[in-house]
């Protein structure tokens, strides 16, 4: 009979390798130009759209002029779009504006306002869906 009533020590479980962070967990200034823009360009082309000129910058929001971070896009035929973030966070309120060749945007639309958690896939798919709704992509 032993004096110890405790069980024999067991080896600590092997730790699992650290899961890489989700793309959305990257800093905003890294996520947008390095992950979002290439994914958006790829999806526009996969959807049958032309190659888009995409940029990421801080500047005046179309129509209202308030400062914001934005993804600016230009498609052939001088069709343009702006995806605006009110602050440097992908979960920040977003708006979208579009303009045909020779015109300026006149309306800002709320974009993805009901989503609790934003993801790269959601941003890309809904923006491409919106551009296709303009009949700017593929054989519409």
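Derivation of every value follows stated rules applied to the coordinates shown; laboratory data play no part. Source: prediction; values computed, not measured. Using ideal geometry, Cβ is built from the backbone for each residue, glycine included, and neighbour counts are taken over all protein chains shown.
The table for this structure:
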{"read-out": "Rounded to 10°, Cα long-axis angle of helix 37-46 versus longest principal axis of the chain", "value": "70 degrees"}
{"read-out": "Acute angle (nearest 10 degrees) that the helix 120-133 long axis makes with the longest principal axis of the chain, alpha-carbon atoms", "value": "20 degrees"}
{"read-out": "Chain lengthening between residue 30 and residue 67 when straightened (0.36 nm per residue, less Cα-Cα)", "value": "11.4 nm"}
{"read-out": "Whole-number percent relative contact order across the chain, with pairs defined as alpha carbons under 8 Å at least 6 apart", "value": "20 percent"}
{"read-out": "Binned Cα-Cα distance frequencies in the chain - 5 Å width, integer %", "value": "2, 9, 17, 20, 17, 10, 4, 3, 2, 2, 2, 2, 2, 2, 2, 1, 1, 0, 0"}
{"read-out": "Neighbour-count order for 116, 72, fewest beta carbons within 10 angstrom listed first", "value": "116, 72"}
